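Right, one structure below, let's go through it.
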Amino acid sequence: MNLPRFTLIAALSAAAPCFAAEALRPLNFANDIVPILTKGGCNGGGCHGKSGGQNGFKLSLLGFEPQEDYEHIVKEARGRRVFPAAAEQSLLLTKGTAQLPHGGGKKLDPNAEDYADLARWIREGMPYGKDTDPKMASISVEPAKLTMPLKAAQQLKVTAHYTDGSTRDVTKRALYEANEKAMAETSETGRVQLFDLPGDVAVMVRYQGKVSTFRATVPLGAPVDKLPASRGFVDNLVFAKLKTIGVPPSDIADDSTFIRRVTLDITGRLPTAVEMKDFMVSKEAAKRSILIDRLLDSPDYAEYFANKWNALLRNQRTQPMYARGSYLFYSWIRDSIADNKPYDQFVREVVSASGDLDQNPPVAWYRQVKEMKQQMEDVAQLFLGTRMQCAQCHHHPFEKWSQQDYYGFAAFFSNVSRKPSTFTNEEMIFSKRGVAQTTNIRTKAVVTPTSLGGQALKLKPEQDPRQALAEWMSQKENPFFAHTLVNRYWKHFFNRGLVEPEDDMRETNPPVNPELLSALAADFVKNRYDLKKLIRTITNSTTYQLSAIPNAYNAKDRQNFSRYYPKRLNAEVLYDSVNTLLDVETTFAGQAPGTRAVALPDNSYNQSTYFLSVFGRPDSSSACECERTQEASLAQSLHLLNAAEIQTQLSRGNGRADTLTKDARPDDDKIADLYHIALSRDPNPAEVKFAHTHLDKKITGKTGDEAFKGKKEAYEDILWALLNTKEFLFNH
Amino acid sequence: MSWPHPAHPVSRREVIQAGTVGLLGLGMNHLSALQAMTAATQPPRAKSVIYIFLSGGLAQHESFDMKPDAPMEIRGEFKPIRTRTPGLHICEHLPNLARISEKWSLVRSLTHGSADHSLGHHIMLTGRSDAPLGFDPSKPKKSDHPSMAALATALLPKRKDNLPPAIVLPDKLVHREGRTLAGQFAGTLGAQHDPWFLEMSPYHPKHYGAFPKYLFHHERGFETDPSLLFQAPHLSLPQGLTMDRVMDRISLRNALEQQTDDLTALAGDEAFDSTRQAAIGLLSNRKVHDAFSLEKVDPKMLDRYGRHSFGWSLLMARRLVQSGVRMVQVNLGNNETWDTHQAAWGNLKNYLLPPMDQAVSALLEDLDASGQLDETLIVMGGEFGRTPKIKSISATALPGRDHWGNAQSLLIAGGGIKGGRVIGATDKQGGYPARDAQTPENLAATIYEALGLPRETLWKDFTGRPHTLYMGSPIGGLV
């Protein structure tokens, strides 16, 4: 760089012959220049695209606002960013190539086409382009769908289509991202490389606000000739998929595994030893269906699912005086579930809640979710599986939603109003009279309520727009509402949604089994949004009753449900299960002794119960299931390993170990008891022997009190060992 | 690493402008000088960071930004003393730090908008001046911003020996009224990324300062409480349990689990297996265990750091970074110990400044002697500074200073930074930055850069939304 003139000439002469044909075409800032900045990551959220820009240079996030970008590049910083008289010395290029210090490093290669185009654009006087220039209308990817062998690779081709009918190959400037990173990786130039996992993988392709998807089906190709009996459309569709990809399903789980699994999944507790034994000896052919019905009719079901909805509906006790409201709302949720209130009605009663807490407890939702935008975002994510948050400030990067869509949908909540309630510190919610509308913060245009992907509504001033919203959601043909719920419930039982994450359903994140998702949604609508019926459909399926133990082919399957995927017991269920095993009666403040953690009315107990917070019980601070942390942490492991709390419960007088030690029955029977309680099965002979050996070791050569103490310690150890096994910590 | 700074430093922007002018005929050899300067402005990567947190808020006037020429109601009772660095004066009660001023620098212009303990903690522990949506001063929430230690936990690579990337010691920060302070946790990052809280000094609600020798009460002065212990309880066993018995239990568990091998293998989720292994490793690996224990430390070293909670905490931090922990947040005192509203001078000179001066200077000298100072960035600050004006909270209380977010002094050392520097300055009263104001975001950027986290780093919150790690630029002029 010591000889600037030479550099300049070299760059010019290098550029000219290589891109002679392109050089004839006038450049358009939005069509030709912004994509280079996007591909280089310049306008990403981590760099100049963040709201304040980076080091004084701001670009719109991912280039969604070319006019603003043009202003910033061409007119700011006293014109130093672009310098037509010596294009190569423009800051845009010297920084981008890291010839000048650049915090972001080298993003442009001086020998590449991107650089040449930028330089030519600067040399030609930075044209913005004419209003009459064609605009990009869509992108397409080829191939769009393909069946590929394991470890294969495929180059994609991305074409941009313009309003004048012209097309351009934008493969090099598009961005690629696989949804299952364990299955495939993508290169910057659009090459998809598969790994050795069978299943489905989608690659999202983005180019200037337009998205498209490449989908690959990757069969394992094993023979699938011996399928277990299908028990309905769920099995038909799952097995059809397994045949396509050549992954044979596991065997059916045995009865003891099944009763533990389904009891935990429906009621959030372990089956009792008595329930387990009764189930095992029953000769009834339909005993699994009967068990499912019995569980669904028990209050434990309502409590466990109320616990789930309570968190998603953000039932928080943020202040002590809110207890009254959080109890009322919790009871309303629990009773709705116990009564099997149709889901559309349940949602309608929340979304359009008006009045006082006492007459109408779901107004508590509006107590926690205070602002119009928040109300809209929660409704979109929770009930429609659509994350609108991004579109508040910029066009959604992976979606079609614009700010117009965002504010249009938010306008449904524009009339929500509050006035003091008859109860101190509480509010009454009502819909004020007037034309529902809000303002798009970017365009400043007034927008009226608009459903997602629908037309703007003209509502009468006396209409509560939230009723119109509930109406639209529960229309049979609504493409979001039923799909979101069935996917959420599917995940509850299978530990994996048909779409993952379960509340991020979009074109670029397709379901692993679209036919199944549609069929479940259609069935749910047909059954008038009957939640218990949906759970019956799921849990009575052979698919749900498959063993978790893999066969020779399906150990790696994580998305096609060829076996049951074990899941860790969540914080509340684990806490309750440990207490059951150790025979501890809980004492939560203000709750009856022995209240299960899954039956707590709000989040306020997380602070006082370390176990619940360390194992990730959600604080009801978002409408996202993801708030519940299911990931393991060191603190959890240490807690199970050596927490004083657990040791105290193990060793206390009249605790399980103490009782067993005093119990005069043979040790074998007592060991069997522990296995029944903890694992819902009989111990095998080797397990009995290990436990026995440990008991012997602890009492050998001891008598009297010493022997008692030794034996009690041995039972403490056995209890500890059991509650630390994966078989106990997981539902499988 | 240590490009000589010109006598009148030219800002990078000025040089860039010069470069542009150069194109028009002044010659381009500025450019190579500029490129060389880039190398100089990229600080070296530190292996580890120790963030010493003075909860409650250290008064800048009584420590590193004295205003001896200000009126009595502003300058306070303490006198400045000379340090080894010409022209640099600090408080008379920090003689050890004064003696080694070539090893540390100051940032006197750190500023943010909050004079509230809770939000101040949140700001200074997360490196974000903005309050998160729905911020609740009375408790931590999952919607809080993640702390720097949590981000380090999430973004730095896991280690083979199971030591977590970031550790907080000796205990969580708790407000003097007993509520846990927001901003120390992973917040929106997801609780699995909480840094590891050692809880070596179980929360004691009544006392302040560095027990046992420097335990005090803001009003009543010196106190004793023999029940206060300093230990690593997560790694020590509950009463009635021996290590042998734990190992015995683990082998019994393993034996039982082997009976359901197929299930055990496939239930793995890798994170579960690795944390379970890590917990056992931490509990049973003698070498790792030793890093968490002060039992085998040379008594001379204990004397040098000080046999009190400040000294033990910093000695522990030093052992942990030596073992490979990348970020250690050390809370010097709990219950907002440094919140000197009343009897400020007496408490500072008797219970607070001496143990801090002793422990921090010992840490710097110890690291320097072993050649590790250059690879360990040390930052000391609190949630805010204190008011220029001296006040009394009541007619009977001895005077002190109130909360003040507009200015505080940071001590910063190691990690390749030059000692004896002063970045920024406050006005005559020590109230507002007079030049080179620095933000908590810049402090965070300094820490992240030292940890080698690239500028483009994004982290994802529990909803999957990406966020920028760097919300500011590393504090300039330190290297």
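A short reminder: the numbers here are calculations on the coordinates, not readings from a lab. Quantities reported herein were computed from a predicted structural model and do not represent experimental measurements. Here Cβ is always computed from backbone atoms with ideal geometry, including for glycine, and neighbour counts include all displayed protein chains.
Each eigenvalue of the Cα gyration tensor of the stretch A:467-539, multiplied by 5 and square-rooted, gives one semi-axis; in descending order these are 19, 16, 10 Å. Among the residues of B:454-467, the average count of other protein chain beta-carbon atoms within 10 Å of the residue beta-carbon is 5. Taken along its principal axes, the alpha carbon cloud of the stretch A:342-473 reaches lengths of 43, 29, 26 Å, longest axis first.
Would you please report the Å³ per residue occupied by the convex hull of the alpha carbon atoms in the stretch B:308-416?
Measuring per residue, one finds 107 Å³ for the Cα hull of the stretch B:308-416.
Convex hull volume of the C-alpha atoms in the stretch B:35-155, normalised per residue: 186 Å³. The largest-to-smallest principal axis extents of the Cα set in the stretch A:649-731 are 40, 27, 20 Å. Listed here are the pairs A:Lys243/A:Lys567; A:Lys373/B:Lys172; A:Lys58/A:Lys432; which of them are more than 32 Å apart at the Cα? Distance filter (> 32 Å) returns A:Lys373/B:Lys172; A:Lys58/A:Lys432. Using a cutoff of 8 angstrom between alpha carbon atoms and counting only pairs six or more residues apart, the relative contact order for chain B works out to 28 percent. Partners of B:Lys296 within straight-line reach, counting lysines whose Cα lies under 16 Å from its Cα and excluding those fewer than 8 residues away in the same chain: B:Lys287. Look at the stretch A:708-721: the mean tally of other chain Cβ atoms within 10 Å of its residues' Cβ atoms is 3. Across the stretch A:592-729, the mean sequence separation of Cα contacts (distance under 8 Å, 6 or more residues apart), normalised by length, yields a relative contact order of 18 percent. With the convex hull drawn around the C-alpha atoms of the stretch B:236-291, the volume per residue stands at 91 Å³. Put simply, when B:473-479, B:445-451 are sorted by average Cβ atoms within 10 angstrom per residue, most first, you get B:445-451, B:473-479. Highest mean packing first, where packing is the average number of other Cβ atoms within 10 Å per residue, the peptides B:246-256, B:391-401, B:427-437 line up as B:246-256, B:427-437, B:391-401.
Across the cross-link table entries A:Lys145/A:Lys181; A:Lys181/A:Lys308; A:Lys145/A:Lys241; B:Lys349/B:Lys391; B:Lys213/B:Lys300, which are compared at the Cα atoms, the separations over 24 Å belong to A:Lys181/A:Lys308. Close amide H partners of B:Ile90, meaning residues 5 or more places away or on another chain with modelled amide H under 5 Å apart, are B:Ile81, B:Thr83. Note on the stretch B:200-334: Cα-only Rg and Dmax are 19.3, 64 Å. The order of A:Trp332, A:Trp309, going from fewest to most other C-beta atoms within 10 Å of their C-beta, is A:Trp309, A:Trp332.
Peptide B:257-263 is shielded by partner chain Cβ atoms: per residue, an average of 6 of them sit within 10 Å of its Cβ. Taking 14 Å as the straight-line reach from the Cα of A:Lys370, the aspartates and glutamates in range (excluding those fewer than 8 positions away in the same chain) are A:Asp378, A:Glu426, A:Glu427.
Here the stretch A:546-622 is described by how far its Cα atoms reach on the three principal axes: 51, 33, 17 Å, from widest to narrowest. Per the Debye formula on identical point scatterers at the alpha carbon atoms of the protein assembly as shown, with no solvent, log10 I(q)/I(0) at q = 0.08, 0.10 Å⁻¹ is -1.06, -1.52. In summary, the aspartates and glutamates within cross-link reach of A:Lys226, defined as a Cα separation below 16 angstrom excluding same-chain residues under 8 places away, comprise A:Asp235, A:Asp251. When peptides A:235-241, B:176-182 are sorted by average Cβ neighbour count within 10 Å, with the highest value leading, the order is A:235-241, B:176-182. 3J(HN,Hα) along the stretch A:550-561: x, 8, 5, 10, 10, 4, 8, 5, 10, 9, 10, 6 Hz, from the Karplus curve 6.51 cos²θ - 1.76 cosθ + 1.60 with θ = phi - 60°, whole Hz, x for Gly and Pro. With both residues required to sit in the protein assembly as shown, DSSP beta bridges show an antiparallel share near 75%. For chain B, what D do you get in µm² per second when you plug the Kirkwood radius from alpha-carbon pairs into Stokes-Einstein at 37 °C and 0.692 mPa s? For these conditions, the coefficient is 139 µm²/s.
Just to confirm the filter: which trypsin sites (Lys or Arg not before Pro) across the stretch A:383-431 are DSSP coil and have at most 16 other Cβ within 10 angstrom of their Cβ?
A:Lys400
Distance from the C-alpha centroid of the stretch A:101-180 to that of the stretch A:394-413: 25 Å, rounded to the whole angstrom. For the stretch A:580-708, the C-alpha radius of gyration sits at 1.33 times the compact-globule guess of 2.2 N^0.38 Å, with N the residue count.
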